[in-house]
Amino acid sequence: MLKFLLHRIYISILVAITVSVISFSLLRLSGDLAAELAGEDASEQEIAQIATQYGLDRPLYIQYFDWAGNAITGDLGRSLFTNEPVSEMILERVGVTVRLSLYTICLGLLLAIPLGVLAAIRPNTWIDRAALALAVFGQAIPNFFLGLLLILLLGVQLRWLPISGNASFAHYIMPTVTLGISIMPQFMRLTRTGMLDVLDSDFIRTARAKGLHPMRVLFKHALRNAILPIVSLMAVVLGFLLGGTVIMESIFALNGIGFLAFESIMRQDFPVVQSIVFLASIAYILLTLFSDLINAQL
């Protein structure tokens, strides 16, 4: 187990370094940052002054090592638009995105795993067809459309829930339901497929032949093995959610990481964009590492 852990950590470090190089280089190679910061009517002298001010006239590898060295210590630079430290801007908004992501993944799993198990133990019945139909609905309906429907019904017509902001738990209900329904189908289908494969295995027949209680066979033996790909998928989905759900945060006016990334792209605030891309990638890497360790333990 220790050897496996060290190997996975080594791979994760290499991936993190690669991602940092790519995210840094893509923004620099997308165009002349000094000219974009200076504006369309800037003279060559003004562009040169801005390049010197922000260190953009130095070789690319020196810029990268300076940025990486500062990033390790938590210094992600300053916003070109507000002059605030990027780390503080991200910390102010990351809580919103983390809460929304955790609520969403919990709701998605609470819906998907029971439906997948029921569909697997009752294949080709009305239960199976109903679960698959619900999965098709969740995958087919666009997020923004479902979110707007919930706003019109629960927020405007019935006035049960607030339609914008993040002041209380109630503000997260509609975006959580919207995202939870959208991620549920992939978890449900994977659970159903995994359970169908496991329930036909020899060790399940042996457990039943030994007279074990059906619920113990189902949950302790079958689900424990069928859930392995769910853990890996959960890491990917959670990483995506932590990377920022731009559309949902925009529709429900949730001031999270996704909306910050959208704002920064629109006003060409490159240090903020670069930091969000890098931190989202690190979140993916860590979640994948943890899922591998959990799967190994299971």
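Figures for the structure shown
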{"read-out": "The chain: radius of gyration over Cα atoms, expressed as a fraction of 2.2 N^0.38 Å", "value": "1.24"}
{"read-out": "Residues with amide H under 5 Å from that of R78, placed H, sequence gap 5 or more", "value": "V86"}
{"read-out": "Spatial separation of Cα centroids for the stretch 130-151 and the stretch 210-274, in angstrom", "value": "17"}
{"read-out": "P(r) histogram, all alpha-carbon pairs of the stretch 201-245 included - 5 Å bins from 0, percent", "value": "5, 20, 20, 14, 10, 10, 8, 7, 4, 1"}
{"read-out": "Accessible-area ranking of H171, H213, largest first, probe 1.4 Å", "value": "H213, H171"}
{"read-out": "F169, F270, reordered so the largest accessible area comes first (probe 1.4 Å)", "value": "F169, F270"}
{"read-out": "Residue-wise HN-Hα coupling along the stretch 162-169, computed from phi with Karplus coefficients 6.51, -1.76, 1.60 (Hz; x: Gly, Pro)", "value": "x, 9, 7, x, 9, 6, 9, 4"}
{"read-out": "Accessible area of the chain divided out per residue, in Å², using a probe of 1.4 angstrom", "value": "55"}
{"read-out": "Principal axis dimensions, largest first and in whole angstrom, of the stretch 127-216 by Cα", "value": "57, 27, 19"}
{"read-out": "Translational diffusion coefficient (Stokes-Einstein; Kirkwood radius from C-alpha pairs) of the stretch 65-199 at 20 °C, 1.002 mPa s, in µm²/s", "value": "121"}
{"read-out": "At 0.692 mPa s and 37 °C, Stokes diffusion of the stretch 90-153 via Kirkwood alpha-carbon radius, µm² per second", "value": "235"}
{"read-out": "Solvent accessible area, Å² - R122, 1.4 Å probe, full protein context", "value": "120"}
{"read-out": "Helix 86-121 vs. the chain, principal-axis angle (Cα, 0 to 90°, nearest 10)", "value": "20"}
{"read-out": "Equivalent ellipsoid, the stretch 187-263 (semi-axes from 5 times Cα gyration tensor eigenvalues, Å)", "value": "41, 10, 9"}
{"read-out": "Residue with peak Gaussian network fluctuation, the chain [Cα springs, cutoff 10 Å], from I247, I11, I181", "value": "I11"}
{"read-out": "Accessible area, probe 1.4 Å, largest first, for residues T245, T125", "value": "T125, T245"}
{"read-out": "Between the stretch 52-116 and the stretch 176-199, the Cα center-to-center distance that results, in Å", "value": "29"}
{"read-out": "Accessible-area composition of the stretch 101-224, carbon plus sulfur, in percent [1.4 Å probe]", "value": "68"}
{"read-out": "Where labels lie 7 Å past Cα in the beta-carbon direction, separation of A16 and A140 in nm", "value": "4.4"}
{"read-out": "Scattering profile of the stretch 256-298 at q = 0.22, 0.24, 0.29 Å⁻¹ [log10 I(q)/I(0), Debye over alpha-carbon scatterers]", "value": "-0.69, -0.75, -0.91"}
{"read-out": "The stretch 162-295: projected area of the alpha-carbon convex hull, averaged over directions, in nm²", "value": "10.4"}
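The values are calculated or read from the model by the stated rules, or taken from the named source; none is laboratory data. Since the model is a prediction, treat every value here as computed from it, not as a measurement. For neighbour counting, all protein chains shown are included, and Cβ atoms are generated from backbone atoms with ideal geometry for every residue, glycine included. Just so you know, the surface numbers come from the protein's heavy atoms only, side chains and all, with ligands and any DNA or RNA stripped out. Shrake-Rupley method; radii C 1.70, N 1.55, O 1.52, S 1.80 Å.
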